[in-house]
Amino acid sequence: MQMIQILWERRVFFMTCLLEHIRISLTAVVCAGVLGILLGVFISGHKKLAGVVLGVINVIYTIPSISLLGFLIPFTGIGNKTAIIALTVYGLLPIVRNTYTGLTNVDAGILEVAEGLGSDGRQILLGIRIPLDHQRVSQHGRDDHCDGRHCFLYRRWRAGSCDLPWHHHLQYDAYGGGIGTDCAFGAL
């Protein structure tokens, strides 16, 4: 009862913090979405770079969040800019991976027909690759926003609020699923 009273008395403060958190998260999701889709489209057209880019993003993704924040603070200071950069970096992997996989797994026969009809690379990308695999490409919002790194502060604060154990989230992500989906909704 005392907790509810404190929340009610300081509701303006808590609402301000909630809105700031939402703004930071949405900014990071938009930045990761734009950068990730552009990078995924780029490496889908340059197969030699795909392994290198995905490897670098995978390595960055394995860095613990507190270490990345500790690395960024000397360069960007303590504040929203550092949080947005860290969340954007962690949001890149699922977006780049899904974009690359989606754009490269279009049936080769359909692409051959399009080339035979005289379509150029841009027309094939916009008219064939993206529309044929729009489900995977449009899946970014769910995977990126529900990614475990985006609710890492909530995980520390609300330990045990997730329906599944931690290792299930990690295994689920290894097979292309959205890591932390239950945690994101449970933490809010």
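Odds and ends about this structure:
- The stretch 8-27 and the stretch 57-126 have Cα centres separated by 29 Å.
- For the set TYR100, TYR90, the ranking by accessible area, highest first and with no ligand, DNA or RNA atoms included, is TYR100, TYR90 under a 1.4 Å probe.
- These residues, PHE75, PHE42, go from largest to smallest accessible area, 1.4 Å probe, as PHE75, PHE42.
- The stretch 1-134: relative contact order as a whole-number percent, Cα under 8 Å and 6+ apart: 31
- In this structure, ILE78 and PHE42 have a Cβ-Cβ separation that, at R0 = 35 Å, corresponds to a calculated FRET efficiency of about 0.60.
- Added length on full extension, which subtracts the Cα-Cα distance from 0.36 nm per residue, ILE66 to THR101: 9.6 nm
- Annotation: extensible slack from LEU111 through ILE6 equals 31.6 nm (criterion: 0.36 nm per residue apart, minus Cα-Cα distance).
- Two-site label geometry, ARG122 and VAL59: point separation in nm, points 7 Å out along Cα→Cβ: 3.5
The values are calculated or read from the model by the stated rules, or taken from the named source; none is laboratory data. None of these values were measured; they are calculated from a predicted model. Every residue, glycine among them, receives a Cβ derived from its backbone with ideal geometry; neighbour counts consider all protein chains shown. Quick note on the areas: whole protein, heavy atoms, side chains included, nothing else; ligands and nucleic acids left out. Shrake-Rupley method; radii C 1.70, N 1.55, O 1.52, S 1.80 Å.
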